[in-house]
Structures are given as structure tokens and as C-alpha cells.
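Engineer: My structure is below; once you've seen it, I'll send some questions.
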Amino acid sequence: MYCFRPLQLAWLHKEKIIDIPEISTEDIDDRSGADVLAKILACAQSTWFLVSTSARLQQKLTLTTLEILLLPYVAVTWMIYFFWWTKPLRIESYTKINVESLSDAKLVQLARATLPIDEVPNWWRPVPLEMHDRAWEFWWIEKPWDLKRVRVRHTNHLIPIQLHTQVARTMAESWVADWYRDAINEAHPSEWDGWDDTVIYLSGIFIYGFGLVAWNYQFPTPAERIVWRVPVLTSCGGITIWVPVAFMLRWLRPGNTWKELPFYVLTVMVFAARLIIIAQVFAGLRLVPEGVFASANWSSYIPHV
């Protein structure tokens, strides 16, 4: 069994190696139809939470820090379901395409045609090895490379001999070995660009920074107010300085110990800050303002005589 990406499937179809069956729009919609009810319920639940919270704010009733912390996730939920409304939540079936056994030469030709190293971002990773009988979606470069000038990880022994002869003395030699590890990081799609980074950053600032709304919240003690403010500022600051730090460190030589250390530090800082905020949210429920227990007067929103 092979697991190829759309680009490889298109090439195989163009070379008349495979026949891709026609899949109608109705068939795709039918696969996501069973999840419509679950999506509607999720959107309805988040909408009701927003409406009830807005009513409490309009009537000057106090919110808990838990409610404040959850508010930005309503917007994120709506955004996700807006873009993923027709996307099945669980893939329970697939379309199998029959293909005769591909020779080594044909697979190498496929890699050369669809994975030139100068057109694929250097963080790109193929489909995980567990989904492949043979991992042939590897990095490819045509020209030999002076490997003495770069740091090559000592993992080339993992590469099968028939593949090693194809990539020897190229940059691909050091990348192909990653294919034969137990797992491959698939965090980024090949279409990743600056716009995606911007959206992720703005979403992070929106979610992490929303805690600033409770800057002057009536916490049980002054110390707990500080415990709230510091992690919120740490979360916002951590993801804000991530971008300039990444830009400055990109010029360091690959394999430099200092190149990855700042990212580990920032990750631990943000993660610890979020844990502290979550702990503070539940700890603060032991002693909340009196207005938290008051119910919104819904009759004031209904016209009546």
C-alpha cells in the first residue's frame, strides 16, 4: 500500500499509471452529513453561552474568571465550524485506488518530478512512515553536495541500500533517514506561508490576551490578582517575542545548541503560565463576588404590557 499526496496522485494519473475514480460532490457531502447535528449542537451551545454572558454584562452582573477565560473560545469555535462545516469530523471510509507494483525506477522518477528540494519548504514532512509500506516521498536534489561543509546526522544507516545508492552525496542523504524513524512530525502542511503564521499569532494573542479584561477583577486577595496578571502578560509576551527570536536565530548554523534553546524556554514559559491561569480560575471559585450568584432578568428583554 502507498499513501501519496494530491501532487503525487496527479503525477501518477498524468503518467497513466493509475485511474482515479470519479467522486461526486454528493458523495463527499454525504460523508459529512452525519456530523451536521453535532456541529449544530456545538454552535448552539457556544451561542447560548455568549448570549447569557452578554445579558449578565448588560445587567451589571459579575462574571467568574472561568467565564471570562472561555469567551474567546466561542469566536474560535465559530471560525472553525465556518471553515470546516462540510469537513467530516471522523474519516471512517476511504476510496481505494488500485495500482500495479511500482518499480524503484518509477518511484525515483516520481520523487524527482514532485519533490524538488528548491521548491519544498525545509520544514516539510511527508505522510508518516506508518502509513506507507515503503517511504518514497523523500527530499530530492539533483546536484552533488559537499557534505563536509554541513552537519549530517549519523542516521544514514537507516536508509535501505537500494535507496541509498540514489541519494548518496546529496543533501537528500541526511533527510531521507528521517523517513525511517518511528514517527515523523506532520505539524505543517506544504502550503504554509506568512499568512498562516499571522493568523496563528493573532489568534494566540486574542485567546491569551483576553485575560487582560479581568485586570481589575475583584479577586479574593491582592496576591491572587498578581498571580493572574503575571501569567497573562507572560503568555502574551512569550508568543509575541517568538517571531523576532525565530528571525534572529535562523542565521545560526544548523545543529547549534543555542539555536533551539530559546524556543524550549519560551514554550515552557507559556505552558507554565497557562497552567497557572487554569489553576487560578478554579481556585478563585472558592470565594467569588456576590453578583456571580444572581440570575439574569430575561423578562426585561421580552416586550410585554
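Engineer: Could you grab me the full set of residues in region 1-35 that are surrounded by 13 or more Cβ atoms within 10 Å (Cβ to Cβ), among the β-branched types (Val, Ile, Thr) and either at positive phi or at pLDDT 70 or above (or both)?
Structural biologist: ILE17, ILE18, listed by residue number.
Engineer: Is it the case, given these coordinates, that PRO189 is modelled with pLDDT of 85 or more and out of contact with any helix residue (DSSP H, G or I) (no Cβ under 6 Å at 6 or more places or on another chain)?
Structural biologist: Against the criterion (modelled with pLDDT of 85 or more and out of contact with any helix residue (DSSP H, G or I) (no Cβ under 6 Å at 6 or more places or on another chain)), PRO189 does not qualify.
Engineer: For region 198-251, how many residues are surrounded by fewer than 12 Cβ atoms within 10 Å (Cβ to Cβ), part of a helix (DSSP H, G or I) and not aliphatic (A, V, I, L, M)?
Structural biologist: Adding up the residues that qualify gives 4.
Engineer: Go through the residues of region 282-301 one by one and say whether even a single one is farther than 30 Å from TRP48 by Cα, at pLDDT 75 or above and either part of a helix (DSSP H, G or I) or out of contact with any strand residue (DSSP E or B) (no Cβ under 9 Å at 6 or more places or on another chain) (or both).
Structural biologist: no
Engineer: Further, regarding this structure: From the set of residues in region 36-64 that are basic (Lys, Arg) and out of contact with any Phe, Trp or Tyr (no Cβ under 6 Å at 6 or more places or on another chain), which is modelled with the lowest pLDDT?
Structural biologist: The residue in question is LYS60.
Engineer: For residues that are more than 18 Å from LEU212 (Cα to Cα), crowded, with 16+ Cβ neighbours inside 10 Å and either assigned by TED's automatic domain parsing to the domain that holds ILE205 or of a type in the set (Ser, Thr, Tyr) (or both), tally how many sit in region 36-78.
Structural biologist: Total satisfying the criteria: 2.
Engineer: Among what's in region 64-79 and is of a type in the set (Ser, Thr, Tyr) and part of a helix (DSSP H, G or I), pick the residue that is farthest from LYS39 (Cα to Cα).
Structural biologist: Result: THR65.
The values are calculated or read from the model by the stated rules, or taken from the named source; none is laboratory data. From a predicted model like this one, the values you see are computed outputs, not experimental measurements. Virtual Cβ from ideal backbone geometry, glycine too; neighbours counted across all protein chains shown.
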